[in-house]
Amino acid sequence: MFLLPKYNSFFLFLLIASFIPILTFFISNILAPINNNKKRPEKFTSYESGIEPMGDAWIQFQIRYYMFALVFVIFDIETVFLYPWAMSFTELGLSAFIEALVFLFILVIGLVYAWRKGALEWS
């Protein structure tokens with residue numbers, strides 16, 4: 001009745017997956033060179049391809065870049081969700097096909113909304 005022994009491999013994987021980042025940070029801390037000049041003024045300047053920075057490094061980007069990126073991520077995730085469905089289309093049947101059509105319909109409504117709001121315009 002108790003199903004915990006069936007999850008032993010999962011817990012082992014979770015333990016290893018948690019241990020690897022901790023181990024890499026620990027090894028990086030040991031092997032990294034020790035720098036005694038941590039508060040030099042060069043540390044606080046921005047670095048861009050070896051060219052001396054001009055002006056302030058803190059600039060404000062326009063919101064349309066973020067909106068365009070969000071629309072891209074949404075439709076990229078759509079592809080991630082539709083790919084497994086397409087691979088097992090024959091086993092899923094008509095109900096899964098209708099669910100996928102509803103999913104696509106909701107995404108098309110979102111695309112039309114973003115288009116009307118001007119989220120896809122660069123200029």
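Just name the residue that is nearest to ALA119 (Cα to Cα) out of those in segment 67-84 that are open to solvent by 80 Å² or more (accessible area, probe 1.4 Å) and aromatic (Phe, Trp, Tyr).
Of everything passing the filter in segment 67-84, PHE72 is nearest to ALA119 (Cα to Cα).
Restricting the search to segment 85-102, which residues are under 30 Å from TYR65 (Cα atoms) and open to solvent by 70 Å² or more (accessible area, probe 1.4 Å)?
Matches in segment 85-102: LEU101, VAL102.
Considering only residues that are in a helix (DSSP H, G or I) and aliphatic (A, V, I, L, M), look in segment 109-123 and name the one that is most open to solvent (accessible area, probe 1.4 Å).
Residue satisfying both the conditions and the ranking: ILE109.
The values are calculated or read from the model by the stated rules, or taken from the named source; none is laboratory data. Because the structure is predicted, anything quoted here is derived from the model rather than measured. Protein only, heavy atoms only, side chains kept; ligands, DNA and RNA dropped before computing areas. Shrake-Rupley method; radii C 1.70, N 1.55, O 1.52, S 1.80 Å.
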